[in-house]
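Heads up, the thing below is written out as structure tokens.
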Amino acid sequence: EDADRGASADLAVVEARRHLLNEWYEWRENMEAELAEERERAGLPKDPHTHLLEAKTKTLQVADQEQVVE
Amino acid sequence: MVAMPSEPCQELTQSPRYNLDGDIIFSVAKDQHICAWYSHNGERLGTYHGHVGAIWTVDVDPTTTMIASGSADNTIRLWDVKSAKNLKTWEFPTAVKRVEFSEDGTKLLGVTEKRMGYLSNIVVFDINPDPAAEQTDERALTIVCDESKATVAGFSYLNRYIIAGHEDGSVSQYDAKTGELIDNIPIHELNQPIVDLQWNADRTYFITACKDKSAKLVAARDLTVLKTYPADTPLNSATITPKKDFVILGGGQAAMDVTRTSARQGKFEARFYHKIFEDEIGRVRGHFGPLNTVAADPTGKSYASGGEDGYVRVHHFDKGYFDFLYEVERERINRMS
């Protein structure tokens, strides 16, 4: 009987965690969708950093080439 | 694990900060210069000299082109990462306790200290991302915190809001364009200062660390408290780990307070909590004094902690860390695949 009670308590804990996990990912999906939509509406790239890093890489490549010419 | 000793000085409190690529850590201490380190081996990459007071805060822009720092010498300084040149200095009537770039690096905010005759301000500057360009003298915005002193602040997603944490345990949401206060919510115990505020990767939510011995996860959009992490010691810092759903908390009593309570309970450990389940899942020892700052590597591979003991410690996560999953998480991953 004790073992049964223990098992059902464990089950309740697992069920509670499952609920928390679903709730979290639901919130994240909503938030991510909203953010993506707003970035698009504002004419911004999907990711705030990718294009900045690409642009920086290009300037570094140019600098390297210039050094080679010297 | 990599430990980076600071040079000897009177007070050594370290505050590390990663760049976006996770390969460089910038740290400041009270010894008046900023250090840059390689995160993988702790080798020092450079130092930045110019401040004439303790440095409280440093941040790096998204392309690791410029860093900004705030100091007890009442200035915010902007630096060229590569040449270590001091590009710009802005002066204030009081110390600067926090600086932070916006996610696109086009704006920089600073939080100034409250002192007789001066309220704490949140100041904003537009930043020209070209290190060769002239930077503006003019503030784009000044927010005067007349209710409760702001201790920490940062820009949300889309540079839409400025979120501030206050000395009274509340958080504020301001319109980042106009500076208008939209909302202020007491989320921590009354008059227990919020001492850290760090973002998740897309800046839609953040974590606060408070002297009330708890950290909270809060939505930027409406300041809803999503999660609470209770600790057994006053906190100085909290950070959100990418890749894994964890948060890391750091704190501990100052040496003076420890002798008054229990010498054994320094509690100088970094505490790991499950972000979603709010359970404490592990601790990492290493410091011989309170943890001043914990910082998560944006690539998820490591974390850094800065202590009152003058060390920045960088911990690279092992396989066990990445493999660790609750049964329900495993279940979810299996379902999704």
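The values are calculated or read from the model by the stated rules, or taken from the named source; none is laboratory data. Please read these numbers as outputs of a predicted model, since none were measured by experiment. Glycine gets a Cβ as well: all are built from the backbone with ideal geometry, and neighbour counts include every protein chain shown. With ligands, DNA and RNA removed, areas are computed over all heavy atoms of the protein, side chains included. Shrake-Rupley method; radii C 1.70, N 1.55, O 1.52, S 1.80 Å.
Taken over the stretch B:37-57, the residue count meeting the criterion of being within 16 Å of B:GLY310 (Cα to Cα) and crowded, with 16+ Cβ neighbours inside 10 Å is 6. Residues in the stretch B:207-224 include at least one that is under 15 Å from the mean Cα position of the chain (by Cα), within 13 Å of chain A (Cβ to nearest Cβ), over 19 Å from B:TYR18 (Cα atoms) and not β-branched (Val, Ile, Thr).
Just one of the listed residues (B:ASP23, B:ASP104) is out of contact with any helix residue (DSSP H, G or I) (no Cβ under 8 Å at 6 or more places or on another chain), closer than 27 Å to A:PRO45 by Cβ and within 14 Å of chain A (Cβ to nearest Cβ), namely B:ASP23.
Residue count for the stretch B:129-138 under the criterion of being without any contact (Cβ under 8 Å) to a residue 24 or more places away in the chain and open to solvent by 60 Å² or more (accessible area, probe 1.4 Å): the result is 4.
The set of residues in the stretch B:286-337 being over 25 Å from B:ILE34 (Cα atoms) and more than 14 Å from chain A (Cβ to nearest Cβ) consists of B:PHE317, B:ASP318, B:LYS319, B:GLY320, B:TYR321, B:PHE322, B:ASP323, B:PHE324, B:SER337. Taking the stretch B:141-157 as the range and being in a strand (DSSP E or B) and among the polar types (S, T, N, Q) as the test, the residues that pass are B:THR142, B:THR151.
Among residues of the stretch B:179-204 that are closer than 21 Å to B:GLY110 by Cα and within 14 Å of another protein chain (Cβ to nearest Cβ), those with a beta-carbon under 6 Å from a residue that is open to solvent by less than 70 Å² (accessible area, probe 1.4 Å) and in a strand (DSSP E or B) at least six positions away or on a different chain give the pairs B:TRP199/B:PHE206; B:ASN200/B:ILE240. Quick check: is even one residue across the stretch B:90-98 open to solvent by 30 Å² or more (accessible area, probe 1.4 Å), at pLDDT below 95, more than 20 Å from the chain's Cα centre (by Cα) and not hydroxyl-bearing (Ser, Thr, Tyr)? Scanning the stretch B:90-98, I find no residue that is open to solvent by 30 Å² or more (accessible area, probe 1.4 Å), at pLDDT below 95, more than 20 Å from the chain's Cα centre (by Cα) and not hydroxyl-bearing (Ser, Thr, Tyr), so the answer is no. Candidates in the stretch B:107-130 are the residues that are touching a Phe, Trp or Tyr at 6+ places or on another chain (Cβ under 9 Å) and within 13 Å of chain A (Cβ to nearest Cβ); of these, the one that is nearest to A:HIS49 (Cα to Cα) is B:LYS107. On the stretch given as the stretch A:16-56, residues that are part of a helix (DSSP H, G or I) and either among the hydrophobic types (A, V, I, L, M, F, W, C) or modelled with pLDDT under 95 (or both) total 16. Considering only residues in the stretch B:62-84 that are of a type outside the set (Ser, Thr, Tyr) and open to solvent by less than 10 Å² (accessible area, probe 1.4 Å), the one that is nearest to the other protein chains (Cβ to nearest Cβ) turns out to be B:MET66.
Considering every residue within the stretch B:9-20, establish whether at least one is surrounded by fewer than 18 Cβ atoms within 10 Å (Cβ to Cβ), more than 29 Å from B:ASN200 (Cβ to Cβ), touching a residue at least 24 places away in the same chain (Cβ under 8 Å) and not hydrophobic (A, V, I, L, M, F, W, C). The answer is yes, given that some residue of the stretch B:9-20 is surrounded by fewer than 18 Cβ atoms within 10 Å (Cβ to Cβ), more than 29 Å from B:ASN200 (Cβ to Cβ), touching a residue at least 24 places away in the same chain (Cβ under 8 Å) and not hydrophobic (A, V, I, L, M, F, W, C).
Scanning the stretch B:158-175 for residues that are assigned to a strand (DSSP E or B) and surrounded by 20 or more Cβ atoms within 10 Å (Cβ to Cβ) yields B:TYR161, B:ILE162, B:ILE163, B:ALA164, B:GLY165, B:HIS166, B:SER170, B:VAL171, B:SER172, B:GLN173, B:TYR174. Which one is farthest from the chain's Cα centre (by Cα) among residues in the stretch B:255-279 that are open to solvent by less than 50 Å² (accessible area, probe 1.4 Å), at pLDDT below 90 and of a type in the set (Gly, Ala, Ser)? Here the answer is B:SER262.
Residues in the stretch B:43-53 include none that are closer than 20 Å to B:GLY154 by Cβ and not β-branched (Val, Ile, Thr).
Is there a residue being closer than 29 Å to A:ARG18 by Cβ, open to solvent by less than 50 Å² (accessible area, probe 1.4 Å) and at pLDDT below 95 anywhere in the stretch B:284-294? The answer is yes; a qualifying residue exists.
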